[in-house]
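The values are calculated or read from the model by the stated rules, or taken from the named source; none is laboratory data. Here the structure is a predicted model, which means the values were calculated and not measured. Cβ coordinates were reconstructed from backbone atoms using ideal geometry, including for glycine residues, and neighbour counts include every protein chain displayed. With ligands, DNA and RNA removed, areas are computed over all heavy atoms of the protein, side chains included. Shrake-Rupley method; radii C 1.70, N 1.55, O 1.52, S 1.80 Å.
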Amino acid sequence: MLTNINFLKPNSTKTIQGFVENIRNKNNICFLVVKDVTGKIQVTVVKDKSNISEEFLQKITPQSVVTIKGKIIENPNVKLNGVELIPDTIKLETIAASPLPIDNTSLIDTKLDYRWIDLRSERNQLIYKVQTYITNVMRQWLFKKNFIEVHTPSLIGAASESGSDLFEVSNYFGKKAYLAQSPQFYKQMAISGGFEKVLVVGPVFRAENSKTNKHATEFTGFDLEFAGVKSFKDVMKLEEQMLTYMLKQVHKKYGDEIARVFNVPVVVPTTRFPTMSLKDIYVELEQRYGYTVPKIEQTDINAEGEKYVQKLAMDKFNSEFMFVVGYSSETRPFYHMRKNGIPQGFDLIWRGVEITSGAQREHRYEILKKQAHEKGIDNDVKFYLDFFKFGCPPHGGFGIGLDRLTMLLLGLTIKETEFVYRNPDRLNP
């Protein structure tokens, strides 16, 4: 970007650089639409008044990169901001091969094969402007509350739950090692280390054989943990406040642009997020919508059930969000604190998809060791249990997938909101 194309003023001489989005080469005049990350501008070459040759103009192909110096002229007939650039010079930096392998009508999987071309669109660049802003707003909100950002390892020496959804890496270490499912253990190590409030933003790996529009084998997690909690409700409250603040800021900065490009509203919550137990949800889903699942399956919620929870949240509370509590210990991690056998945790469902699992953690060594033993993994997580041997304050936390959060905000699929998507069938580009 040599200059901000969206703010070029008439009667000024400027130099721009960008991709040629469109070319219309007529007998007496040639129009180019040149774009960069800031916007687009029409470049008008009047052939009998220009020193730019026809032979040179014929070389320019769509998506070629050009550097153009010229005068900005006001022209109310031009749709792009009412201005055009009359070039003195055009330098052809790179010539794009023609024809292009993808266009707007291509299937998403074909577009992903040529992701670097696909990313050039205004639509896709807006996705990552919004995602950058989401991340920054939540980060800054937490920093004002004295959170410390730490960078946890992606390589771990033990499975946190079981080996079924972990990537095992090569025998580099002389023993088994894995890519981390989450920074969970190390967030808690930071709490045990006296940090009190920690934030981790980084890659998360899941070796799940999932090929849905919301799953990926690698994604970016936004995880936090903090001490001093008295209940898992303290964790829920912090997440509710953070997400409400984030949506308010996104609505201010990008609300109109998101509505124009993606045709979805940015809805800012005006009331507290409702909370229901899993048991009560299944009762209501049956009574209201006739939706039932076998009792044995009512220890969790599947994708279809999450859609019904969205409908219930809107019909009963006029809310896009719903906290779900009351899961069984069989379906929750061993490190969740339990009271009367009930894990003190929650899931947060937004727009019909789970975006968060959170909890108050078990910080007492002997109890934590017992719960790990019940899951049959106490030997595997011995290093983690040691974090609690020498004292650790009560704490809790949660994690959000930034790609999924962006997906739901903009009404897209996970393939579109991951910069480079990975699933069991895709390892390139």
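Somewhere in segment 82-94, is a residue part of a loop (DSSP other than H, G, I, E, B) and not β-branched (V, I, T)?
Our first condition is that a residue be part of a loop (DSSP other than H, G, I, E, B); within segment 82-94, this holds for 82.
Then drop every residue that is not not β-branched (V, I, T), which leaves 82.
Looking through segment 82-94, at least one residue is part of a loop (DSSP other than H, G, I, E, B) and not β-branched (V, I, T).
Residues are listed down the side, and each one gets a yes or a no for (1) aliphatic (A, V, I, L, M); (2) closer than 18 Å to E93 by Cα; (3) in a helix (DSSP H, G or I):
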{"position": "T15", "(1), (2), (3)": "no, yes, no"}
{"position": "R24", "(1), (2), (3)": "no, no, no"}
{"position": "N27", "(1), (2), (3)": "no, no, no"}
{"position": "E55", "(1), (2), (3)": "no, yes, yes"}
{"position": "Q63", "(1), (2), (3)": "no, yes, no"}
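Count, please, the residues in segment 317-336 that happen to be open to solvent by 50 Å² or more (accessible area, probe 1.4 Å) and touching a Pro at 6+ places or on another chain (Cβ under 7 Å). Counting residues in segment 317-336 that are open to solvent by 50 Å² or more (accessible area, probe 1.4 Å) and touching a Pro at 6+ places or on another chain (Cβ under 7 Å) gives 1.
Within segment 114-138, the residues that satisfy the criterion of being open to solvent by less than 60 Å² (accessible area, probe 1.4 Å) and of a type outside the set (V, I, T) are R115, D118, L119, R120, S121, N124, Q125, L126, Y128, Q131, Y133, M138. Among residues of segment 119-148 that are free of Cβ contacts under 8 Å to residues at least 60 places away in the same chain, those with a beta-carbon under 7 Å from a residue that is aromatic (F, W, Y) and open to solvent by 50 Å² or more (accessible area, probe 1.4 Å) at least six positions away or on a different chain give the pairs I148/F195.
For P203, the requirement of being touching a residue at least 12 places away in the same chain (Cβ under 8 Å), in a loop (DSSP other than H, G, I, E, B) and surrounded by fewer than 19 Cβ atoms within 10 Å (Cβ to Cβ) is not met.
Residues that are in contact (Cβ under 8 Å) with a residue 40 or more places away in the chain and over 24 Å from G396 (Cα atoms) do occur in segment 241-250, at least one of them.
Looking across segment 38-56, the residues that are more than 15 Å from N75 (Cβ to Cβ) and open to solvent by less than 70 Å² (accessible area, probe 1.4 Å) come down to T38, G39, K47, S50, I52, S53, F56.
Given (1) buried (at least 16 other Cβ atoms within 10 Å of the Cβ); (2) assigned to a loop (DSSP other than H, G, I, E, B), where does K79 come up short, assuming only one miss? The single condition K79 does not satisfy is (1).
Residues in segment 316-334 include at least one that is in contact with a strand residue (DSSP E or B) (Cβ under 6 Å, 6 or more places away or on another chain) and on the phi > 0 side of the Ramachandran plot.
For segment 370-383, the criterion of being open to solvent by 60 Å² or more (accessible area, probe 1.4 Å), without any contact (Cβ under 8 Å) to a residue 24 or more places away in the chain and over 30 Å from P343 (Cα atoms) is satisfied by no residue at all.
As a summary of the residue check, G174 satisfies the conditions (1) within 20 Å of the chain's Cα centre (by Cα); (2) surrounded by fewer than 20 Cβ atoms within 10 Å (Cβ to Cβ); (3) not hydrophobic (A, V, I, L, M, F, W, C) except for the one numbered (1). Comparison of K71, K91 shows that the only residue that is under 27 Å from P10 (Cβ atoms), surrounded by fewer than 16 Cβ atoms within 10 Å (Cβ to Cβ), touching a Ser or Thr at 6+ places or on another chain (Cβ under 8 Å) and in contact (Cβ under 8 Å) with a residue 40 or more places away in the chain is K71.
Among the candidates K35, K59, K111, single out the residue that is touching a residue at least 12 places away in the same chain (Cβ under 8 Å), of a type outside the set (A, V, I, L, M) and surrounded by 13 or more Cβ atoms within 10 Å (Cβ to Cβ). Quick ask: steps written out before the conclusion?
Numbers: K59 fails: surrounded by 13 or more Cβ atoms within 10 Å (Cβ to Cβ); K111 fails: touching a residue at least 12 places away in the same chain (Cβ under 8 Å).
Just a single option satisfies the conditions, and that option is K35.
Which members of segment 95-108 meet the condition of being surrounded by 16 or more Cβ atoms within 10 Å (Cβ to Cβ) and either out of contact with any Phe, Trp or Tyr (no Cβ under 9 Å at 6 or more places or on another chain) or in a strand (DSSP E or B) (or both)? Those that are surrounded by 16 or more Cβ atoms within 10 Å (Cβ to Cβ) and either out of contact with any Phe, Trp or Tyr (no Cβ under 9 Å at 6 or more places or on another chain) or in a strand (DSSP E or B) (or both): none in segment 95-108. No other residue among A359, A313, A303 is in contact with a Phe, Trp or Tyr (Cβ under 7 Å, 6 or more places away or on another chain), of a type in the set (G, A, S), farther than 18 Å from R272 by Cα and touching a residue at least 24 places away in the same chain (Cβ under 8 Å) apart from A359. Filter segment 140-159 down to residues that are open to solvent by 60 Å² or more (accessible area, probe 1.4 Å) and not in a loop (DSSP other than H, G, I, E, B) and give me whichever is farthest from K237 (Cα to Cα). Once the filter is applied, the top-ranked residue is L155. Only one entry in F167, F195 is open to solvent by 30 Å² or more (accessible area, probe 1.4 Å) and either of a type in the set (K, R) or within 19 Å of D234 (Cα to Cα) (or both), namely F195.
For Y254, the stated conditions do not hold, so it cannot be described as open to solvent by less than 40 Å² (accessible area, probe 1.4 Å), among the aromatic types (F, W, Y), touching a Phe, Trp or Tyr at 6+ places or on another chain (Cβ under 8 Å) and not in a helix (DSSP H, G or I).
Criterion applied to L92, L8, L57 was being farther than 26 Å from F419 by Cα, touching a Cys at 6+ places or on another chain (Cβ under 7 Å) and not acidic (D, E), and the one residue passing it is L57.
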